[in-house]
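K.L.:
Take a look at the following structure, please.
The values are calculated or read from the model by the stated rules, or taken from the named source; none is laboratory data. Just so it is clear, the model here is predicted, and its values are computed rather than measured. Note that we place each Cβ from the backbone using ideal geometry, even for glycine, and neighbour counts take in every protein chain shown. Ligands, DNA and RNA are stripped out before the accessible areas are found, and what is left, the full protein with its side chains, is counted by its heavy atoms. Shrake-Rupley method; radii C 1.70, N 1.55, O 1.52, S 1.80 Å.
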Amino acid sequence: MDPADEADTPEFRYSVLQQGELQYAGIMDIGHVPEGNTPGWRIYIEVASSDDVAVKVVELGGTVTQEPVDTPYGRLVGCLDPMGAVFNVMQPPEL
């Protein structure tokens, strides 16, 4: 895997590990954590349908903390399991 800078400005620094066009990991400069978030690791699980998983999370007693949203990296949903663990699911973008 090769490291690559996605953004490198004073306002936003973000780097990824990628192989070819596929990105497998990313890291953001701690000085640029979006408002309302705390610094820490985020787990992203690739799924076939983010919308379907959002419904299932609620059915199983979890909470959707960020409704499904399209991003350059895919369709993202923020979740909280019944015990309080934070995780995200992401449906890859159509290529």
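K.L.:
Using 0.36 nm per residue of separation minus the Cα-Cα distance, give me the extension gain between SER15 and ALA48 in nm, one decimal.
P.N.:
9.4 nm
K.L.:
Next question, about the same structure. Using a cut-off of 14 Å between beta-carbons, work out the net charge of the residues near PRO93 (Lys and Arg +1, Asp and Glu -1, PRO93 not included).
P.N.:
Its environment carries a net charge of -3.
K.L.:
Applying a 10 Å radius around every beta-carbon, put 20-26, 72-78, 55-61 in order of their mean neighbour count, most first.
P.N.:
Order by mean packing, descending: 72-78, 55-61, 20-26.
K.L.:
May I ask you to evaluate 6.51 cos²θ - 1.76 cosθ + 1.60, the Karplus curve with θ = phi - 60°, for each residue of region 62-76 and list the ³J(HN,Hα) values in order in whole Hz, giving x for glycine and proline?
P.N.:
Whole-Hz 3J(HN,Hα) from phi for region 62-76: x, 10, 8, 8, 9, 4, x, 9, 7, 10, x, 9, x, 8, 9.
K.L.:
Ignoring ligands, DNA and RNA, what percent of the accessible area of the chain is carbon or sulfur (1.4 Å)? Don't jump to the answer; show the numbers that get you there.
P.N.:
Details: 3980 of 7030 Å².
Within the chain, the accessible surface is 57 percent carbon and sulfur.
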